[in-house]
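What follows draws every value from the coordinates through simple rules; no lab data is involved. Quick caveat: nothing in here was measured; it's all calculated off a predicted structure. Positions of Cβ are generated from backbone atoms using ideal geometry, with glycine treated the same way; all protein chains shown enter the neighbour counts.
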């Protein structure tokens, strides 16, 4: 990892920032020995950033977030439901069963 950081430092500052952002989680995904067909999905943050962006766009004009009403919950529910409409199937989703098996083998079931 240090060699990669040193290499990127002189070549591409944005790539270095992305590597720093990914941090140890990048190695954790590889350490799981998850199917490589899921790398595109598991090694980026698009599945998190996209819903956040869509929620922000739906609630950006809301200016009164009063604690005494439940409107904040309703606005968030609406925004998340609208964001869900843009969700797409994970590429190679058939391999998610393999990943689930790996995760179950490394962690005990909840009691």
Between helix 96-106 and the chain: long-axis angle, C-alpha atoms, 0 to 90°, nearest 10: 70 degrees
Degrees, to the nearest 10: 71-84 long Cα axis against longest axis of the chain: 50 degrees
Radius, Kirkwood style, for the chain when every pair of distinct Cα atoms is counted (Å): 17.5 Å
Paramagnetic label zone (point 7 Å from Cα along Cα-to-C-beta, residue 52; backbone N under 17 Å) in the stretch 25-40: 25-26
Pairwise centroid distance, computed over Cα atoms, of the stretch 10-25 with the stretch 66-106, Å: 27 Å
Helix 13-31 axis, angle to the chain major axis (alpha carbon atoms, nearest 10°): 80 degrees
